[in-house]
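Student: Dropping the structure in here first, questions after.
A short reminder: the numbers here are calculations on the coordinates, not readings from a lab. Since this is a predicted model, take the numbers as computed values, not measurements. Cβ placement follows ideal geometry from the backbone for every residue including glycine, while neighbour counts extend to all protein chains displayed.
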Amino acid sequence: MRVPARLAVLPLLCFSSEGAGGFGLNVQNTTGWGPPWADAILSRVADFVTCHGDYALCYYAQCSLRAEAGKWIQNATMTSDCPCELHSGLYHVMINAILDESLWRSTREQCPMGALSCVFPNSAPVCARINAGSFIPGAHRISTFGLQHVLRHHRWPLALTECAADSYAGCMTAPCRLAADGKVAMCECPVFKGPFQVQDGNQCDLEAGMIPSGFAFQHAPNLTTSAMYSLVPTAECRSVAQICYESTLAQLQQVQIEDQLGCPGQHAASIHPGHCSEHGYPLGLGFDPIFSTVHISARVPHIPPPTELLERCEHRGKRYNLAGKRALIIATSHSVLGNSSCKTCKKTGVSSPEMTIPYLIFRDAGLNVTVATVQGGDVPVDTVAKYYTHWDIRFWDDATAVMAVKNTRAVALVNFTEFDAIYMVGGWGAAWDLGKSMILAEGITRAFAAGKVLGSVCHGALGFINAQKPDGSLLVKGKKMTAISNRQVQQLGIGKITPMHPETELRKRGALYAKRSGLLTDIDQSLVVVDGNIVTGQNQNSACETAQKMLDKFTGVLQETPLLV
């Protein structure tokens, strides 16, 4: 396992007799910044594994310094008592903060690149010990991190306040005892002194005898040399997590020698001049968990395979009877990743599931569905995700549905107020024309004034940005909305290609933009936001729920969505 010789061993801490039973305190400098309780993060992905079970969440708790030895940790480091929340579900463990040395080693060995190596929940060794209650004998819970719970409670964990070097509680994998009422936990967190972060808006300095829980997200130094190299996996690599390393030639040669677990350890990686992005690895993941000046990158995440889960319908089999109502679906006319005159650009257009799923849900509900495009003609379809869900398979095998997207009317020839629901399809092509069509903006303006139900998914939200309220102000200003995130745009590799990014354009015009983010990527996330008669979905996973919530507006059963992040 890659533990560079430069990492020294700290003075031994002692555990009380309650810590017996196989627990051995990890006193190694697990990063270049200190021991496990420094809670130092180099990569939000390679440093973490995902588990599922009961856990304590010490999310920027206000902790009391202990004057005497703790119940578990004794004799060598100060500890603190931190009031923490109790939760069940998915949680994340920072590998380099695991307080048991043998468990740290086995978890890092089995999951050398964290969540990229141990993809499924509870596949890391540390998960089994925590869930079995045997991580630290006598502890009722172990403190970890629950990203989804934090996001659901309107807290964005990546917005940070930098704190100067001082004492803070490092609570990751700390032992906890339940309060008498069983509703909260008091966790015994070791104390570390150094620069750290707390959540944006929180205080670094508390009253006497109190310290915040925090962590030290490390901003590794930028390499000043212009001669950058990449250590790129070859076809012979059999690792689950195939990672590209980027640094100086000397650093990468050292990685080849010391990394015994990844592609370099299999002699299945080679050094090439240039950046990882030039070799097919554009997704930056931060810095290597051990080599703090080595950048790590992955390939662009592939769109997940078709599953019922990713369709995100809030109720499978939900039925409506809305015969007599009419729906208008608006799609892009732009068919290439570049200017319309480009002959060598890759083909693009709408994202198939973002069009097919709402079309079929509307039609199944009894609505008469019309499809229009910005300029008229056939709807261009991005072939990458053409057959993505069972909805797509059904749509493209349905002659009536296929004819609906052939020879469509241009939006200039459509009377928007004749329709009860108007939905705008996403897809990369929409980045070129939906946000620039003033005819589309005028149609949305009239429809909004007439009280029509309006919706979009992903890039489709660009169709809203130039529309107006009856008072002449921008329609999106002050509206809670979502669309594809800038993070997902970058991860898909189109950030420097597409001319408009929905998150940027919505925020620029005063929309209250919301999104749901995953630990590794936004591509597998979903969010649907409702504000009045406007229903917006974050990405391709949101199409089904967006269509359903648009129809819910006709039944009067839908509540508006509180702003998440």
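Student: What distance in nm separates the simple spin-label points at Phe120 and Asp54, each placed 7 Å from Cα in the Cβ direction?
Tutor: A separation of 2.5 nm, rounded to one decimal place.
Student: Then there is this: Please report the net charge: other residues with Cβ closer than 12 Å to the Cβ of Phe287, K and R +1, D and E -1. Present the calculation step by step, with values, prior to reporting the outcome.
Tutor: Values: positive: Arg44; negative: Asp47, Glu246, Asp288.
Around Phe287, the surrounding residues sum to -2.
Student: In nm, what is the difference between 0.36 nm times the number of residues separating Lys496 and Cys345 and their Cα-Cα distance? Write out the running numbers ahead of the final one.
Tutor: Working: separation 151, 0.36 × 151 = 54.36 nm, distance 1.40 nm.
Gain in length upon complete extension: 53.0 nm.
Student: Multiply the residue separation of Leu413 and Glu109 by 0.36 nm, subtract the distance between their alpha-carbon atoms, and state the gained length in nm to one decimal.
Tutor: Working: separation 304, 0.36 × 304 = 109.44 nm, distance 6.28 nm.
Stretched out fully, the Leu413 to Glu109 stretch lengthens by 103.2 nm.
Student: Right, next: Using the eigenvalues of the Cα gyration tensor, what equivalent ellipsoid semi-axes result for the stretch 342-418 when each is taken as the square root of five times the eigenvalue, whole Å, largest first? Spell out each step's value before the answer.
Tutor: Details: eigenvalues 84, 71, 17 Å².
With the √(5λ) rule applied to the stretch 342-418, the semi-axes are 21, 19, 9 Å.
Student: Right, next: Calculate, axis by axis, the spread of Cα positions in the stretch 229-298 along the three principal axes, and write the results as whole Å, longest axis first.
Tutor: On the principal axes, the stretch 229-298 reaches 22, 21, 21 Å in Cα extent.
Student: OK, next. Kindly write out, for the stretch 333-348 in residue order, the coupling ³J(HN,Hα) from the Karplus curve 6.51 cos²θ - 1.76 cosθ + 1.60 (θ = phi - 60°), rounded to whole Hz, with x marking Gly and Pro.
Tutor: 10, 7, 10, 9, 7, x, 4, 4, 8, 5, 9, 9, 6, 5, 6, 8
Student: Further question on the same structure: State the percent of C-alpha pairs, over all pairs in the stretch 426-526, separated by a distance greater than 20 angstrom.
Tutor: Values: 1753 of 5050 pairs.
Summing the P(r) of the stretch 426-526 above 20 Å gives 35 percent of all pairs.
Student: Continuing with this model, one more query. Treat each spin label as a single point 7 Å out from the Cα along the C-beta direction, and report the Asp364 to Lys183 distance in nm.
Tutor: Between Asp364 and Lys183, the label points sit 4.2 nm apart.
Student: Using per-residue counts of other Cβ atoms within 10 Å, averaged over each peptide, order 360-367, 440-447, 248-255 from highest down. Could the numbers behind the result be given before it?
Tutor: On the way: 360-367: 19.8, 440-447: 21.5, 248-255: 16.8.
Packing order, densest peptide first, comes out as 440-447, 360-367, 248-255.
Student: Given points 7 Å out from each Cα along the Cα-Cβ axis, report the Ile393 to Leu65 separation in nanometres with one decimal.
Tutor: Here the modelled spin labels are 6.4 nm apart.
Student: Assuming R0 = 51 Å, what is the FRET efficiency of Leu249 and Ser134, from their Cβ-Cβ distance, to the nearest 0.05? All intermediate terms of the calculation are to be shown ahead of the outcome.
Tutor: Working: r = 45 Å, r/R0 = 0.89.
With a Förster radius of 51 Å, E is 0.65.
Student: Spelling out what I want: for every residue of the stretch 498-515, take phi, set θ = phi - 60°, compute 6.51 cos²θ - 1.76 cosθ + 1.60 (Karplus), and round to whole Hz; glycine and proline get x.
Tutor: My calculation for the stretch 498-515 gives 6, x, 10, 10, x, 4, 4, 5, 5, 4, 4, 9, x, 5, 8, 6, 10, 8 Hz in order.
Student: In debye, nearest 20: dipole of the stretch 388-506 around its Cα centre with unit charges on the Cβ of K, R (+) and D, E (-)?
Tutor: Values: 12 positive and 10 negative charges, 61 e Å.
Its charge dipole is roughly 300 debye.
Student: Taking only the alpha-carbon positions of the stretch 322-555 and ignoring solvent, what does the Debye formula give for the base-10 log of I(q)/I(0) at q = 0.08, 0.09, 0.12, 0.16 Å⁻¹?
Tutor: Evaluating at q = 0.08, 0.09, 0.12, 0.16 Å⁻¹ gives log10 I(q)/I(0) of -0.24, -0.31, -0.57, -1.08.
Student: Also: For the stretch 58-149, what is the convex hull volume of its Cα atoms per residue in Å³?
Tutor: Values: hull volume 10.4 nm³, N = 92.
With only Cα atoms used, the stretch 58-149 gives 113 Å³ per residue.
Student: Dividing the alpha-carbon Rg of the stretch 28-107 by 2.2 N^0.38 Å yields what? Could you put the intermediate results ahead of the total?
Tutor: Working: Rg = 13.8 Å, N = 80, 2.2 N^0.38 = 11.6 Å.
Cα-based Rg divided by the globular estimate yields 1.19.
Student: Considering just Cα atoms, how many Å³ per residue does the convex hull of the stretch 14-217 enclose?
Tutor: About 113 Å³ per residue, rounded to a whole number.
Student: How far is the Cα center of the stretch 231-288 from the Cα center of the stretch 447-494, in Å?
Tutor: When both Cα centres are located, 40 Å separates them.
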